[in-house]
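Some notes on the structure that comes next.
The values are calculated or read from the model by the stated rules, or taken from the named source; none is laboratory data. Keep in mind that what you see is a predicted model, and the values were worked out from it rather than measured. Glycine gets a Cβ as well: all are built from the backbone with ideal geometry, and neighbour counts include every protein chain shown. Accessible surface areas use protein heavy atoms only, side chains included; no ligands, DNA or RNA. Shrake-Rupley method; radii C 1.70, N 1.55, O 1.52, S 1.80 Å.
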Amino acid sequence: MKKLVSILATAVLFASCAAPETATSDYAALVNPKIGSGGHGHVFVGANVPFGMTQVGPTSITQEWDWCSGYHDSENSVIGFSHTHLSGTGCGDLFDVTLMPVTGEVPYGRGRLGDYTTGFWSEADREKEVVEPGYYSVPLTRYNITAEMTATERGGLHRYTFPASDQAAIILDLVHGGCFDRPEDLYAEAVGNNRVVGRRHSWGWSNNQKVYFVIEFSKPFEKFEPIGEENWYYRIHFNTEEGEQIGVKVALSSTSPEGAELNFNAEVANIDFDTARSEARRKWNDEFAKFTIEGATDAQKEIFYTAIYHMYVAPSLFSDVDGTYRGADNEIHANPGHDTYTTFSLWDTYRTKLPLMTITHPERMDDVVNTMINICDEQGFLPIWHLWGWDNGCMVGSPGIIAVSDAVAKGIEGIDAERAWGAIKTSYMHDIRGGRYRKQYGYMPNDLQGESIAHDMEFAIADAAALEVAQLLDKTEDAAYLEKRSHSWLNYFDPTTGFVRGKSSKGEWREDFNPYNASRIANEYCEGNAWQYTWLVPHDLDLLVECFGGVDKTIERLDELFTTDSKMEGEDVTPDISGLIGQYVHGNEPSHHIIYFYTMLGEPWKAADRLKEVMDTMYSTEVDGLSGNEDVGQMSAWYIMTTYGFYPVEPATGKYVLGAPQVDAATLRVAGGEFKVIREGYSETNRYVQSVELNGEPLNRYYITHDEIIAGGELKFIMGSDKSVWY
């Protein structure tokens, strides 16, 4: 439906948001970082600062799928406290540079649950565990040691309270990373009697990952002892008195030992633990203060501010304090004039999280996008899932195109639009991931490309996003090419079934078609089935309506999506398919825009009902309070945007489709000051939008623009009981 209006005819240039004032309210007190630490949430639990390189927290023995972050609420083992963790991902890696305080002689190894003779692990006393933004603390029951930690952007500070012991020690464990991680080159050496420096190179989900570190202890150690022939562990010996605290300061770098030293001196050398903890909390409160809500229940506040916390674990800083960074070409690059970032879970976050950051963090988004453009220069295409210098290529399509196009089309300052266009075009014309088949056949045949429909439909969305930039920059020939190719998904629509269906290179339909088939094996979809993927056309709803035979029939099919059987059939169905209402899957990203189609199709009251249902049933304050993986902030971003009552359905168009706000008032800090959303007259029966006003004037359309939001102002929803259309 992007044909309904033409927007963004020229780039919109606006001033970056000023640095926020220190928050006057302690929003951090409302955050519950344990939400999502159970179930399949996979969230990081530990200490970090917004967008930091380091995530300092506990790592468990278990390395199964639900321990991708290194922590799961269902068991309480700790093998140590690592300095890098993922949050909300579906694969595991990192857990670099692990420290474990111990007393007495211990066996060296990861260990087995319930058996202390197999490793130096300990149970953690979860009843006394403290988890706050920027701070983590837990007693280790095996050793009667209390561990505390906090973080800076590139560093971590630990404080261990020991019992009296002449066999106290802190073990530096370089071998045990997370899940996919395989150590390749490990080294540490003592410098004097209170410092250790070294490196950890590994392969895994992030290949050729390189971490350099500096560790400094508040007390001279008695002995630095490499353990074993291969020196995977290092025991740092101390004598301690009862209640004695030993502080540890750590800094990381991806570039070199000199980079780690530089980061150490800049961030942790001259700060004490308590000051660092206070600073970390202040940084989080500055982020939380950009979002305020009124008229919310206590549970809504807890979920809302925790969602902000989860969103800003990443993207994570990847450059040293002098701007030096390790590129996707494995070369060390000088300061490019901006911070460099990593942890780009783009298939997830292009949908909501990154568009939200264009509103709340334009001054950071230019660095993020410029990082992506640099990655394209270094590896030949825009990032897909970039992690610590390596693109693991996880998931389908080319989502970096969408993220970069969205920022360019919105006129984010600090991005060279022509240079960005070069990266966009290079990527959409690339042959990887089935790209060559789209150029040859006009679609991806299922006999030539795995997960063909998922790949092709995501590429079609990327083409539509790139089209917006091509039109903006007057790239006429490119625009014509992208316009045609953005509709490639039509090759899969089978009018006899009403679903997108696999097609071969000979143009033959998949014979054994079953719309409920969500098998991982020999399937055209990715973490889903035909029910969800038929609706994966956020840029082309008008054409889908034509396929279904009109708006009324489209709404009937949309209703059916939510009321049909929730069964998933096939071999080895992924647990990522979670949070079901019928065949709508809120726990996975391809469904996230679908409810807003009701507004676009002229029945916004159905959107209001379904949005409330998802908000009430798919999010809670419990440890399993997410319906799927957090996905590096995407699940939380959906909650935040829906709370405000608008959502970016069509990438790079600068439009946000209206839903129904979930609180009485909500404010965003934007470039133009404040943008406030008001919900007037709401009650359980008066839950439908009757009319909408923007800055006191009727808004007779189903969307608001990016420019209108960042200018500041007031968006008022007048609520009532009538199921009607205001536009």
Under 27 Å from Gly602 (Cβ atoms), open to solvent by less than 30 Å² (accessible area, probe 1.4 Å) and more than 26 Å from the chain's Cα centre (by Cα) - does that describe any residue in segment 509-527?
yes
Of the residues that sit in segment 104-151 and are of a type in the set (S, T, N, Q) and in contact with a Gly (Cβ under 7 Å, 6 or more places away or on another chain), which one is nearest to Thr306 (Cα to Cα)?
Thr150
If I filter segment 270-282 for residues that are open to solvent by less than 70 Å² (accessible area, probe 1.4 Å), more than 28 Å from Ala169 (Cβ to Cβ) and of a type in the set (Val, Ile, Thr), do I get at least one hit?
no
Taking only pairs six or more apart or across chains, which ones have beta-carbon atoms under 7 Å, a first residue in segment 111-127 that is more than 19 Å from Val175 (Cα to Cα), and a second residue that is modelled with pLDDT of 95 or more and open to solvent by less than 20 Å² (accessible area, probe 1.4 Å)?
Glu123/Ser77; Ala124/Pro58; Ala124/Val78; Ala124/Val138; Ala124/Leu140; Asp125/Val138
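For every residue, the table says whether it meets (1) assigned to a loop (DSSP other than H, G, I, E, B); (2) within 16 Å of Gly659 (Cβ to Cβ).
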position	(1), (2)
Val689	no, yes
Val692	no, yes
Arg701	yes, yes
Asp707	no, no
Leu715	no, yes
Ile718	no, yes
Asp722	yes, no
Tyr727	yes, yes
Residue by residue through segment 472-491, note down the ones that are over 23 Å from Cys526 (Cα atoms), in a helix (DSSP H, G or I) and in contact (Cβ under 8 Å) with a residue 24 or more places away in the chain.
Leu472, Asp478, Leu482
If we scan segment 34-56, do we find a residue that is in a loop (DSSP other than H, G, I, E, B), free of Cβ contacts under 8 Å to residues at least 40 places away in the same chain and surrounded by 19 or more Cβ atoms within 10 Å (Cβ to Cβ)?
no
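Take segment 118-158 and flag every residue that is of a type in the set (A, V, I, L, M, F, W, C) and either under 29 Å from Pro257 (Cα atoms) or open to solvent by less than 20 Å² (accessible area, probe 1.4 Å) (or both). Let's see the steps before the verdict.
Narrowing segment 118-158 to residues of a type in the set (A, V, I, L, M, F, W, C): 120-121, 124, 130-131, 138, 140, 145, 147, 149, 151, 157.
Passing the criteria: Phe120, Trp121, Ala124, Val138, Leu140, Ile145, Ala147, Met149, Ala151, Leu157.
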Would you be able to say whether some residue in segment 75-91 is closer than 24 Å to Thr117 by Cβ, in contact (Cβ under 8 Å) with a residue 24 or more places away in the chain and open to solvent by 10 Å² or more (accessible area, probe 1.4 Å)?
yes
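So is Val130 closer than 16 Å to Leu172 by Cβ and out of contact with any Pro (no Cβ under 9 Å at 6 or more places or on another chain) or not? Explain how you work it out, then say what you get.
Details: closer than 16 Å to Leu172 by Cβ: no; out of contact with any Pro (no Cβ under 9 Å at 6 or more places or on another chain): yes.
Criteria not met by Val130.
Filtering segment 423-436 down to residues that are touching a residue at least 40 places away in the same chain (Cβ under 8 Å) and open to solvent by 10 Å² or more (accessible area, probe 1.4 Å), which residue is nearest to Val632 (Cα to Cα)? Spell out the reasoning first.
So the first thing to find is which residues in segment 423-436 are touching a residue at least 40 places away in the same chain (Cβ under 8 Å), and the list is 423-428, 430, 432-433.
Those left that are additionally open to solvent by 10 Å² or more (accessible area, probe 1.4 Å): 425-426, 430, 432-433.
Details: Lys425: 27, Thr426: 27, His430: 27, Ile432: 25, Arg433: 23 Å.
Looking at the filtered set, the residue picked out is Arg433.
If a residue must be of a type in the set (A, V, I, L, M) and surrounded by fewer than 18 Cβ atoms within 10 Å (Cβ to Cβ), how many such residues does segment 689-703 contain?
Just the residues of segment 689-703 that are of a type in the set (A, V, I, L, M), to begin with: 689, 692, 694, 699.
Retained after the next criterion (residues that are surrounded by fewer than 18 Cβ atoms within 10 Å (Cβ to Cβ)): 694.
Final tally of qualifying residues: 1.
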Residue count, segment 583-602 (criterion: within 15 Å of Ala530 (Cα to Cα) and in a helix (DSSP H, G or I))
4
Which residue, of Leu186, Leu174, is touching an Asp or Glu at 6+ places or on another chain (Cβ under 9 Å), surrounded by fewer than 20 Cβ atoms within 10 Å (Cβ to Cβ) and under 25 Å from Trp67 (Cβ atoms)?
Leu186
Working only within segment 14-28, note down all residues that are modelled with pLDDT of 95 or more and in contact with a strand residue (DSSP E or B) (Cβ under 8 Å, 6 or more places away or on another chain).
Ala28
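May I ask you to list the residues in segment 608-628 that are aliphatic (A, V, I, L, M) and touching a strand residue (DSSP E or B) at 6+ places or on another chain (Cβ under 8 Å)? Give the derivation first.
First, the residues of segment 608-628 that are aliphatic (A, V, I, L, M): 608, 611, 614-615, 618, 623, 626.
Result: Ala608, Val614, Met618, Leu626.
Output the residue which, of all residues in segment 617-633 that are within 11 Å of Ile303 (Cβ to Cβ) and assigned to a loop (DSSP other than H, G, I, E, B), is least open to solvent (accessible area, probe 1.4 Å). Steps first, please.
Step one: filter segment 617-633 for residues within 11 Å of Ile303 (Cβ to Cβ), giving 618-622, 625-626.
Restricting the remaining residues to those that are assigned to a loop (DSSP other than H, G, I, E, B) gives 618, 620-622, 625.
Working: Met618: 21, Ser620: 37, Thr621: 41, Glu622: 107, Gly625: 2 Å².
Only one residue fits best here, namely Gly625.
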Would you be able to tell me the number of residues in segment 189-206 that are open to solvent by less than 50 Å² (accessible area, probe 1.4 Å) and within 29 Å of the chain's Cα centre (by Cα)?
6
For residues that are within 24 Å of the chain's Cα centre (by Cα) and among the charged types (D, E, K, R), scanning just segment 571-609, find the one that is least open to solvent (accessible area, probe 1.4 Å).
Glu589
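If you go through segment 563-582 one residue at a time, how many are farther than 16 Å from Tyr533 by Cβ and either in contact with a Ser or Thr (Cβ under 8 Å, 6 or more places away or on another chain) or not small (Gly, Ala, Ser) (or both)? It would help to see each step written out before you state the result.
Of all residues in segment 563-582, those farther than 16 Å from Tyr533 by Cβ come to 563, 565-567, 571-572, 575, 578-579, 581.
Then drop every residue that is not either in contact with a Ser or Thr (Cβ under 8 Å, 6 or more places away or on another chain) or not small (Gly, Ala, Ser) (or both), which leaves 563, 565, 567, 571-572, 575, 578-579, 581.
Summing the residues that are farther than 16 Å from Tyr533 by Cβ and either in contact with a Ser or Thr (Cβ under 8 Å, 6 or more places away or on another chain) or not small (Gly, Ala, Ser) (or both) in segment 563-582 gives 9.
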With the checklist (1) touching a Pro at 6+ places or on another chain (Cβ under 9 Å); (2) under 22 Å from Thr352 (Cβ atoms); (3) open to solvent by 10 Å² or more (accessible area, probe 1.4 Å) in hand, flag the one item His706 doesn't pass.
(3)
Condition test on Tyr108, is it more than 30 Å from the chain's Cα centre (by Cα), in contact (Cβ under 8 Å) with a residue 40 or more places away in the chain and open to solvent by 50 Å² or more (accessible area, probe 1.4 Å)?
yes
Provide a single number: the residues in segment 315-353 that are in contact (Cβ under 8 Å) with a residue 40 or more places away in the chain, in a loop (DSSP other than H, G, I, E, B), open to solvent by 10 Å² or more (accessible area, probe 1.4 Å) and out of contact with any Ser or Thr (no Cβ under 6 Å at 6 or more places or on another chain).
9
Only one residue in Leu536, Leu472, Leu467 is open to solvent by less than 40 Å² (accessible area, probe 1.4 Å), out of contact with any Phe, Trp or Tyr (no Cβ under 6 Å at 6 or more places or on another chain) and closer than 24 Å to Gly587 by Cα, so which one is that?
Leu536
Residue, farthest from Thr275 (Cα to Cα), within segment 113-141, restricted to residues that are in contact with a strand residue (DSSP E or B) (Cβ under 7 Å, 6 or more places away or on another chain) and assigned to a loop (DSSP other than H, G, I, E, B)
Leu113
Counting only residues that are assigned to a helix (DSSP H, G or I) and either of a type in the set (Phe, Trp, Tyr) or within 24 Å of Glu650 (Cα to Cα) (or both), segment 440-458 contains a total of 8
Within segment 540-569, which residues are open to solvent by less than 10 Å² (accessible area, probe 1.4 Å) and either polar (S, T, N, Q) or in a loop (DSSP other than H, G, I, E, B) (or both)?
Asp540, Thr554
